Amino acid sequence: MKILVNGGAGFIGSHTTVELFNAGHTPIIIDDFSNSQKWIIDRIEQITNKRPKVYEGNCTDINFMDDVFEKEKDLEGVIHFTAFKAVGESIEKPIPYYKNNINSLLVLIEVMQKYGVENIVFSSSATVYGDPDTNPLTEKSPRKQATNPYGNTKLIAEDILKDTVISRAKIKTIPLRYFNPIGAHESHLIGELPNGVPSNLVPYITQTAAGIRKELTIFGNDYDTPDGTCIRDFIHVVDLAKAHIATLEYLQNQTSPFFDVFNVGTGKGTSVMELINTFEKVNNTKVKYKIGPRRPGDVKACWADTKKVQNVMGWKAQKTISDAMKDAWEWQKTL
Ligand code: UD1
């Protein structure tokens, strides 16, 4: 299948582009490189021996998008990663978050309708579950009010897609609710490239171990969890990338209009402390850390029930936290 990958040079986008090639598909990337690097494209080629075609531009620009769809007439689907994703920043600058994350989706739906492209896989997030009452989370668990604009853009985007399907437009879509993507490709040629000081845990761990950051702060060890630190469902980015291929292939067999949501996680909760311990153990290196206060907006625990994605699409995470921690460190050492 010829697939448009919006945000294909980013962390999850680049790994998904590699997996699309591996599965025999033809990925075409759109990226404005505002939060990604051009050399990632060379690295994708190094890994796969294939170079994706790249259109440089912004997905909120309808003329640009129309032009891409005009040139790529036989597209069979779109994976839409394009979004700003820093939770803290979204509180300080809500308008760019709404503008970028929502407008890009609206423009995309409009051009897809115009050119008769039906399949769209959308990057949603476990953040739509807010602070859950119970774990693991199934797709039937209630969505909750977002605590920040970033999270709200994911709720709104899911609703936009659902309403478009309810209107009986010719569209087939699956928002994938990602849990916490970590790790890097096993070649260590691509991985996460945070902008400035990382706000996510794993890049902060690897940068601290590399001496770029002085010390990691664990945001609270007084939660009601076995070791007092928060629990998340950390999923290897290569597993997550493969889930997109399974989703596209599944969508292709559905009839339009179609909407469904799926969790993409490992089904296992791991605490922040356990993750740090695993990093130190598998890499035989130390991470300097201290305990700090809780970070506002953090939820105590959040992990996925993955039965639905497993039963319906036959996808299951294969890699372990140890794999992810090794890959993240090997990647960090190349930077
Ligand atoms: C957040 C978002 C999620 C988004 C993801 C990627 C929420 C509730 N979650 O996930 O939707 O997709 O970011 O941007 O909005 N931690 C530390 N020290 C650090 C950094 C993190 O202790 O320096 C802890 C946090 O308190 C948390 C865990 O590590 O318990 C994971 O944090 P993080 O990597 O930022 O991801 P989430 O907040 O789970």
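Since every read-out is calculated from the coordinates, none of them should be taken as a lab result. Treat the numbers as computed from the prediction; the structure is a model and nothing was measured. Here the Cβ positions follow ideal geometry from the backbone for every residue, glycine too, while neighbour counts run over all protein chains shown.
Between region 303-324 and region 93-132, how many Å separate their Cα centres?
So the separation of the two Cα centres works out to 24 Å.
Assuming R0 = 25 Å, can you tell me the calculated FRET efficiency for the pair ASN22 and SER322, based on Cβ-Cβ distance, to the nearest 0.05?
Working: r = 23 Å, r/R0 = 0.91.
So the FRET efficiency works out to roughly 0.65.
How big is the convex hull of the Cα atoms of the chain, per residue, in Å³? Walk me through the intermediate numbers first.
Working: hull volume 41.2 nm³, N = 335.
Here the figure is 123 Å³ per residue.
Return the tail of the calculated pair distribution for region 169-311, meaning the percent of Cα-Cα pairs more than 22 Å apart. Show your work: numbers first, answer last.
Numbers: 4905 of 10153 pairs.
Tail fraction, whole percent: 48.
Can you give the Rg/Rh ratio of region 82-176, where Rg is from the C-alpha atoms and Rh is the Kirkwood radius? Could the numbers behind the result be given before it?
Values: Rg = 14.0 Å, Rh = 14.1 Å.
Rounded to two decimals, Rg/Rh equals 0.99.
Summing +1 for each Lys or Arg and -1 for each Asp or Glu, what net charge is found among the other residues whose Cβ lies under 13 Å from the Cβ of PRO194? Kindly include the intermediate steps, with their values, before the conclusion.
Details: positive: LYS85, ARG213; negative: GLU89, GLU192.
Overall, the nearby charge balance is 0.
What's the extension gain from ASP74 to GLN310 if we count 0.36 nm per residue and subtract their Cα-Cα distance?
Numbers: separation 236, 0.36 × 236 = 84.96 nm, distance 3.00 nm.
Extra length available between ASP74 and GLN310 comes to 82.0 nm.
Nearest 5 is fine: what % of DSSP beta bridges in the chain come out antiparallel, could you say?
On the way: 2 of 41 bridges.
About 5 percent, rounded to the nearest 5.
As I understand it, the value is the acute angle between the Cα axis of helix 62-71 and the longest principal axis of the Cα atoms of the chain; what does it come to in degrees, rounded to 10?
70 degrees
May I ask for the net charge around THR270, where only other residues with Cβ less than 9 Å from the Cβ of THR270 are counted and Lys, Arg are +1 while Asp, Glu are -1? Don't skip to the answer; put the middle values down first.
On the way: positive: ARG232, LYS268; negative: ASP233, GLU274.
With Lys, Arg at +1 and Asp, Glu at -1, the neighbours total 0.
Tell me the label-point distance for the pair ASN49, LYS290, using the 7 Å Cα-to-Cβ offset, in nm and rounded to one decimal.
Distance between label points: 5.2 nm.
For the chain, what is the mean residue ellipticity at 222 nm derived from helices alone (per DSSP H run of n ≥ 4: -39500 (n - 2.57); sum divided by total residues; nearest 500 deg cm²/dmol)?
On the way: 11 runs with 136 residues, N = 335.
Taking each H run of at least 4 residues, the total per residue is -12500 deg cm²/dmol.
How large is the Kirkwood hydrodynamic radius of region 14-145, counting all unique pairs of alpha carbons, in Å?
Details: mean 1/r = 0.0598 Å⁻¹.
Answer for region 14-145: a Kirkwood hydrodynamic radius of 16.7 Å.
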